[in-house]
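A short write-up of the structure that comes next.
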């Protein structure tokens, strides 16, 4: 048996490679993963060397296309370690491995939350990042407050981006403006 690699294969090294139309686990990656298993599980009561042979005949109760590769015998070890054999087809496994590389679906926007405006000067504290929309009224002044620092906006209506725990102080005379929080 060849020596186990003493270092992690570089990120540019392919995990699988194609030989005669079959996808095979790269020898260095296989030896690296085997070395990790031996280090973690050990040879005393952990993973015995015969486990590879036993895994080849193992059967599972799992059903479905995702487990088809798990039921196939482990043969590419012999191919990788200079022995003749029929290589295992890793095609479905490579599909599963690359599935994680697909982009996540775009998140859906959270629903708008109506803010019950209290007496003037009303202070709203943002529960999360988002936007506070002030309409109607109109307000006589709108002020940002972040960590104790107040900034007058000079506006009486508008959409105001806020971070979590930012405050928006709205002063008004007469009827209260309408305020809505749009979480990010």
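Bear in mind these aren't lab numbers, they're just calculated from the coordinates by the rules spelled out. Keep in mind that this is a model prediction, so the values were computed, not measured. Every residue, glycine among them, receives a Cβ derived from its backbone with ideal geometry; neighbour counts consider all protein chains shown.
Ranking of 129, 26 by neighbouring Cβ atoms within 10 Å, starting from the fewest: 129, 26. So what is Rg over Rh here for the range 113-183, counting just Cα atoms and using Kirkwood for Rh? Reported Rg/Rh, Kirkwood definition of Rh: 0.92.
The relative contact order of the range 113-183 comes to 50 percent, based on Cα pairs under 8 Å that sit 6 or more residues apart.
Counting other Cβ atoms within 10 Å as a rough exposure proxy, the listed residues 172, 34 run 34, 172 from fewest neighbours to most.
Among 113, 27, the order by Cβ neighbours within 10 angstrom, fewest to most, reads 113, 27.
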